[in-house]
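A.B. asks: Can you keep this structure in mind? I'll have questions shortly.
Bear in mind these aren't lab numbers, they're just calculated from the coordinates by the rules spelled out. None of the values given here were measured: they were computed from a predicted structure. Positions of Cβ are backbone-derived with ideal geometry, glycine not excepted, and every protein chain shown enters the neighbour counts.
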Amino acid sequence: MLAALTLPAELTTPDGDLLVRGAEPADLDALIALIAADPVSAARGDTADDDDKAVYARALEALQADPSNGQLVAERGGEVVATLQLTLIPGLSRRGATRLQVETVRVRDDLRSAGIGRTLMRWVGEVAPTLGAQLIQLTSDAERVHAHRFYERLGYEASHVGYKLTV
């Protein structure tokens, strides 16, 4: 998992400290709950159904096995309160720039607006150069207007139009 990333990392938010570390199989229930609590994800089939747990377990295992990927969790008081995925993508454009893709940013519902997401995303900006990235990119579903405002406040620009094709 992103070998140059120093984990665990201790971060401070306005409401308390966070410990950021790599996700482990024992975190699976908390990860699934964070994803399923999001209405957009739930509408796509991400539910906290026990029948799907094996699918999520295989996905986490694949992420952990790929050195370009990292599924991270943020803990507070020993509880998982947030997650995000980081993926390094080498490229030819932008003079061979490496991108750091940010995906699956989720903060527990009862802790939204407590500075956790802002702290995590600022930390991503700090560690990106140590990972060799020249650009941080992310996508956000068109329905997530609150998230769009959040990212724009952090300095991200809505510079592209994205497309997806389910296969």
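A.B. asks: Classify the chain from the C-alpha gyration tensor, please: rounded if a/c falls under 1.5, else prolate or oblate depending on whether a/b exceeds b/c.
C.D. replies: Because its axes are fairly even, with a/c under 1.5, the chain counts as rounded.
A.B. asks: Could you tell me the relative contact order of the chain? Use alpha-carbon pairs under 8 Å, at least six residues apart, and round to a whole percent.
C.D. replies: Contact order relative to length: 20 percent.
A.B. asks: Using the Cα centre of the chain as the reference point, and only Cβ charges (+1 on K/R, -1 on D/E), how large is the resulting charge dipole? Debye, rounded to the nearest 20.
C.D. replies: Approximately 880 debye in magnitude.
A.B. asks: Fewest first, what order do 13, 6 take by the number of other Cβ atoms within 10 Å?
C.D. replies: 6, 13
A.B. asks: What nm value, rounded to one decimal, do you get for the distance between residue 163 and residue 62 when each label is placed 7 Å out toward the C-beta?
C.D. replies: 2.3 nm
A.B. asks: Below 8 Å between Cα atoms, with a sequence gap of 6+, how large is the relative contact order for the stretch 90-167 in percent?
C.D. replies: Value for the stretch 90-167: 31 percent.
A.B. asks: At 222 nm, what helix-only mean residue ellipticity would the chain give, in deg cm²/dmol to the nearest 500, using -39500 (n - 2.57) for each DSSP H run of four or more?
C.D. replies: When only DSSP H runs of four or more count, the value is -8500 deg cm²/dmol.
A.B. asks: How much length, in nm to one decimal, is gained on full extension between residue 6 and residue 33, taken as 0.36 nm per residue of separation minus their Cα-Cα distance?
C.D. replies: Fully extending the segment from residue 6 to residue 33 adds 7.1 nm.
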